[in-house]
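Okay, so here's the structure we're looking at.
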Amino acid sequence: MQQLSETYPALSAFLSLSPAGKTTIDFADNAAVIALNSALLARHHGAQAWSLPEGYLCPPVPGRADYLHHLADLMTRDNRDVVPHGPLIEILDLGVGAGCIFPILGRSLYGWSFVGSDIDEVALANAKKICSDNEALSEYVKVRLQKNQSHYFKGVTGSDEQFDAVICNPPFYSNEEEALEASDRKWRNLGKSNNAGRNFGGTSKELYCPGGELSFIRGMIAESFFYARKVYWFTTLVSRKEHIHDLRRALQKVRPTEVVVIPMSQGQKSSQLLAWTFLDDQQRRHWRDSRFWGN
């Protein structure tokens, strides 16, 4: 981290020594995490111009990269162990967010193209600015406003568009009170108390929706049935393992041909990647051949 700060001096103001004598930052300080993310994205992923509007969620780079690596593994498994790479692979990011983090990482790691949707116009404006400020993104990332919060794919996908995968990091919480309770737990785990507000940042649209992640993903599953031939893999992050049982039941109603649950972990945080597809073997072969997964 010390070497990183030498190249990106904005990070150096947040550095300190841990009790073990290692250089670190205060991960309870949202400004410090933003500075670290900015340096990581510039150093390792080519995003030289990256910032967030005040108060917006600062996504952890390693966790988001892990999601994309698992998705790439899933697609590789279906592609005779060849990693689908390059701009012909098109990904729909539901809830792209102000940080545009998945498109940045997906372009850097795999060269994929992205459409990012969001219900928040401020977030979209910032994501669009990030793309316009970074040449590697400007041609291959499109952002679109979802005007109807009850829809997922309708309104942001064209009638002739197909996507090799959908990715999503849904709102975790049901309401503000639940989000604040989670923040209080994080403060206590960090050994700090009497701190107001959320230590991890985030706006209401990013953090909660009626029914929380379970309700959100159920809606996504229900609507995915009507886009069964438009998407190869539908995927989403599931933060609570106990939700997987209910989500499998929801999937049974739309009858996908395959459901995959992939455990994920970063440090002390664990989650699951839930994936499903409606394509049979013949349709999958035709999809891969017609969309050049082998290139």
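The values are calculated or read from the model by the stated rules, or taken from the named source; none is laboratory data. Source: prediction; values computed, not measured. Ideal geometry is used to build each Cβ from the backbone, glycine not excepted, and the neighbour counts take in all protein chains shown.
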Leading residue by the ranking (nearest to GLU206 (Cα to Cα)) among those in region 158-175 that are under 18 Å from the mean Cα position of the chain (by Cα) and in a loop (DSSP other than H, G, I, E, B): PRO171
Selection within region 227-252 - at pLDDT 95 or above, over 27 Å from VAL115 (Cβ atoms) and either of a type in the set (Lys, Arg) or surrounded by 20 or more Cβ atoms within 10 Å (Cβ to Cβ) (or both): ARG248, ARG249
Enumeration of residues in region 99-117 that are closer than 21 Å to GLN149 by Cα, free of Cβ contacts under 8 Å to residues at least 40 places away in the same chain and not hydroxyl-bearing (Ser, Thr, Tyr): PHE114, GLY116
Residue check for PRO103: closer than 28 Å to GLY155 by Cβ, surrounded by 16 or more Cβ atoms within 10 Å (Cβ to Cβ), assigned by TED's automatic domain parsing to the domain that holds GLY155 and out of contact with any His (no Cβ under 6 Å at 6 or more places or on another chain): yes
Lone unmet requirement of (1) within 21 Å of LEU274 (Cβ to Cβ); (2) buried (at least 19 other Cβ atoms within 10 Å of the Cβ) for GLY63: (2)
Test for LEU279: is it touching a Phe, Trp or Tyr at 6+ places or on another chain (Cβ under 7 Å) and in the same structural domain as PRO87 (by TED's automatic domain parsing): yes
Extreme residue, farthest from PHE27 (Cα to Cα), among residues of region 265-295 that are at pLDDT below 95 and among the hydrophobic types (A, V, I, L, M, F, W, C): PHE292
Residue selected from region 174-224 under the condition of a type in the set (Phe, Trp, Tyr) and modelled with pLDDT under 60, by the criterion farthest from ASN30 (Cα to Cα): TRP187
